[in-house]
1. For the stretch 104-121, name all the residues that are over 17 Å from TYR60 (Cβ atoms) and open to solvent by less than 30 Å² (accessible area, probe 1.4 Å).
2. Go through the stretch 625-635 and give me each residue that's assigned to a loop (DSSP other than H, G, I, E, B) and open to solvent by 10 Å² or more (accessible area, probe 1.4 Å).
3. Please work out which residue is most open to solvent (accessible area, probe 1.4 Å), limiting yourself to the stretch 506-533 and to residues that are part of a helix (DSSP H, G or I) and β-branched (Val, Ile, Thr).
4. Looking at ILE73, ILE59 in this structure, which one is touching a residue at least 24 places away in the same chain (Cβ under 8 Å), under 21 Å from CYS258 (Cα atoms) and not aromatic (Phe, Trp, Tyr)?
5. Restrict the check to the stretch 112-127 and report whether at least one residue is part of a strand (DSSP E or B) and at negative phi.
6. What's the number of the condition SER563 fails, among (1) of a type in the set (S, T, N, Q); (2) farther than 30 Å from HIS307 by Cα; (3) modelled with pLDDT of 75 or more?
7. What's the number of the condition ILE622 fails, among (1) open to solvent by 10 Å² or more (accessible area, probe 1.4 Å); (2) among the aliphatic types (A, V, I, L, M); (3) over 16 Å from THR226 (Cα atoms)?
8. Having 2 or more residues that are modelled with pLDDT under 95 and within 28 Å of SER527 (Cβ to Cβ) is the bar; report the helices (runs of 4 or more DSSP H) wholly within the stretch 183-263 that clear it.
Amino acid sequence: MEPLQAKLVSMCLISQHKLEKILSLCGDKSDLIIDSALIKPLERICGVTWLRQHGVEKIYKMDPQLGPTVNIIKVYFIPACIQKYKCVLDHISSQLSQKPSLADLNCFNIIIVPKVLHTYDSILESRGMHGVVKLHSFSWELMSLDDRLLSLELPFLFKQLYVEQNLSLLSSISMSLWSLFHVTGRPKCVMSLGKLSSSVLDILEIYNETYSRDFVKNYSSDEIDTLVLIDRNQDYASSLLTPATYSGLLSEIFNISCGHLDLNVKETKYKKGKLNFTADAEDTSKKVTMTLDSSIDNLYGEIKHRHFSEVLSVLSSKAKLLKNEDIKALGIQEIKHFVTTKLQQVTLFKQNLVNHVLACETIISEMNNKFENITFTESEMLNNRNKKSNYSFVDENFGTDIHMYNSLRLMCLLSLTQGLSYDEYNTLVNKYLLAFGYKFLYIFNNLINAGLLVQPSSPKLSLNISNLSGLSDRLPRWQNSFQSLASKLKQLPSQADNSKTSPSYVFNGGYIPLIAIVCNALLTSESLSEALTKLSVLNDLKLGGSILDNTKEGMETLNEKLSNLKLQNSELDFGCRDAKTLQKLLKTDPKLTSAFSLKTKSVLVYVIGGVTYAEVAACNVIQTATGSKIYVASDCIASGCDFMAANT
């Protein structure tokens, strides 16, 4: 294992230490009542044996109907969600009403991931439970899910940050980076793309100045040269497009939590979102779980980034190799040696092979030959071709094959790439509401808030150009802001390339994710100035890190900025500086070019709001082509279906 990879894996020990400290405050012989969404992440941090060693006797899954538990001390373990928090308080209230003496025993504890907000204290006071219930913040560290893949496993952050526009948990991302850099060292260069990313850097700078310790070395990282923070809304196309890689399609069809895939072929994401007029019999078959980690499943490591069309042939060749391993031809001593050394590995490999074949069969069955039609239509949308037929495809999907989430994805992609007219928008909304009910009208408002859907203006407010209909045919093809930016960044290949030499293969040759473009610009540039020139078309690009310390001219620390603060300053960038301003400075003063020299060989790219497996695969192509290392991190690993579900 690489030195840095070993450090990243060891991050769970820090999480363990934090949890141990909290449990010691709760008391011995306690009952742990855990929200189902946190079970898998907690398993990565510690096992049941570890919990028992630290005072937990019984473990229960959180349920509003949960009856009395064994021990007096109760420890509730929930994510930072107001609804779930209120549900826990209701559960505690019902116990207090049955046994009022519990109020004096200080036996109720609530551990909230990632942190307790002021709102929670206010709710506690309003219910008269202040002093009866103790609240604890537990901000676990980034988890290493796979080779160079890190996640905070907080899937509810996308909804809070983008849909509800509630930024109260944004500091948790800064804290995760602050902890990470104390293990790995700080990157020399830090870049942010988007308003949330810029805010994270500002908060990170505050942490660096506020929590500086003598015993913590403020050293530069030898393993990570550059950190790139990117807002999810900077590249919604990558979250909406249908992936073509094996890992990407697994994420589309199956539920994946903390790197563990639930191989339930009878209750896939696709089936859950479809209209079902018949009641299915309850599935009593044994649940199979696959671990999507290359270090545990070598076969997964070999096929995870492959185009799905190649996967079955690879699995077939592996099956033939197993068949050729004839144990009957071995002697007694050879058989004994085989049993003691290889049998367990071969058995595990066979099980993994069976699971991957079953997963592939399910993907083929669920896609039902729709993959080619969908990817072709998506490509037409991206390149702003055949708007009429693209809308007809989406309209037909809403009418005959509507899916609660995937149909919305198509609508959002069409809206972002080619736009929807007022009538087209209303037609699709009405069809969706007729299928699923008018109670879901709020979804469209959520999609608009998140920036996933562009609401067209009313015809009454727009210019009447009905008499100019003939003129539109003679005008050059219109490009909206999406095509304009994508063309400048070369995200739209002129020819579809499904070979693994181009990162566009992850979307069937139609589109290159933004994070791959940014990483490629950094890794193929001889200097920071060259990298900034390549990325000059991006707005909201900002720069920070120790590289800015090379010149003090025009720079200010946080304390200096606060002392020189003027009321008219609408925007304060404590942790970063505008890239365009810096680029102009480098052009006007050539002497500074050497001071800002940066030859990047390793990048940590952090997507705020969730990253997809397709984007990870695209970064892997850039990594191979440049002979560098790219580490991908986010608050969760999600699919397009998950992003739509976050709006419901």
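The values are calculated or read from the model by the stated rules, or taken from the named source; none is laboratory data. Because the structure is predicted, anything quoted here is derived from the model rather than measured. For neighbour counting, all protein chains shown are included, and Cβ atoms are generated from backbone atoms with ideal geometry for every residue, glycine included. These accessible areas exclude ligands, DNA and RNA; they are computed on the full protein's heavy atoms, side chains included. Shrake-Rupley method; radii C 1.70, N 1.55, O 1.52, S 1.80 Å.
1. Passing the criteria: ILE112, VAL113, PRO114, LEU117, TYR120.
2. Listed by number, the residues that qualify are GLY627, SER628.
3. Residues of the stretch 506-533 that are part of a helix (DSSP H, G or I), as a first pass: 506-507, 514-523, 528-533.
Now drop any that are not β-branched (Val, Ile, Thr), which leaves 506, 515, 517-518, 533.
Numbers: VAL506: 0, ILE515: 4, ILE517: 28, VAL518: 5, THR533: 74 Å².
Looking at residues that are part of a helix (DSSP H, G or I) and β-branched (Val, Ile, Thr), I get THR533.
4. Values: ILE73 fails: under 21 Å from CYS258 (Cα atoms).
After applying the criteria, what remains is ILE59.
5. Checking the stretch 112-127: at least one residue is part of a strand (DSSP E or B) and at negative phi.
6. All conditions are met except number (3).
7. Checking ILE622 against (1) open to solvent by 10 Å² or more (accessible area, probe 1.4 Å); (2) among the aliphatic types (A, V, I, L, M); (3) over 16 Å from THR226 (Cα atoms), the one that fails is (3).
8. Numbers: elements: 195-210, 237-240, 246-253.
Result: 195-210.
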